[in-house]
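Worksheet: the structure to be examined is printed underneath.
Where a number appears in this text, it was derived from the coordinates with a stated rule and is not lab data. From a predicted model like this one, the values you see are computed outputs, not experimental measurements. Every residue, glycine as well, gets a Cβ built from its backbone with ideal geometry; the counts of neighbours run over all protein chains shown.
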Amino acid sequence: MNPRKRLLRWASGIMLVLGTGHLSLLTLIAWDDMTRWADRGMWAAVPLVLTDAQTVESLQNDVTFWGGPGSFAVPLILLGCLTWHLAGRGVAVPAGLGWGLAVWCALGGVLLVPSPFFAGIVPGALIILAARSND
């Protein structure tokens, strides 16, 4: 396996583990909140408009959404799948994508301490290294 493909496969694997791990952990922790969405009929189960009469339950509902399906996890899984696919075809992933991921994860890690956001810097760096490698 060439070095670029190996770096991209590692980057995509890390992204997939981070994204699926995040969603799996949230599902275990907030299963009751998520089942209430189905009970409400899914449509607008997480209202966008905040009211003055917010309850602890409504705030927990918002946190569950933004920590789960509304979080970075789904795009990170999709990016990991795309990176894996492109690596398999021998297509270079642009370094700008790696820089964007690394900076976003560094900023997220600084804003939300302690946080696993910092782990996202690793696949970003691997993408950058893969883009710079000469096959």
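Within the stretch 79-107, residues that are in contact (Cβ under 8 Å) with a residue 12 or more places away in the chain and surrounded by 15 or more Cβ atoms within 10 Å (Cβ to Cβ) reach partners that are assigned to a loop (DSSP other than H, G, I, E, B) and among the β-branched types (Val, Ile, Thr) with beta carbons closer than 8 Å, at six or more positions or on different chains, in the pairs Thr83/Val93; Leu86/Val93; Ala87/Val93. Pairing residues of the stretch 1-13 that are over 14 Å from Gly80 (Cα atoms) with residues that are among the hydroxyl-bearing types (Ser, Thr, Tyr), at Cβ distances under 6 Å and at least 6 apart in sequence or on separate chains, gives Pro3/Ser133; Arg4/Ser133.
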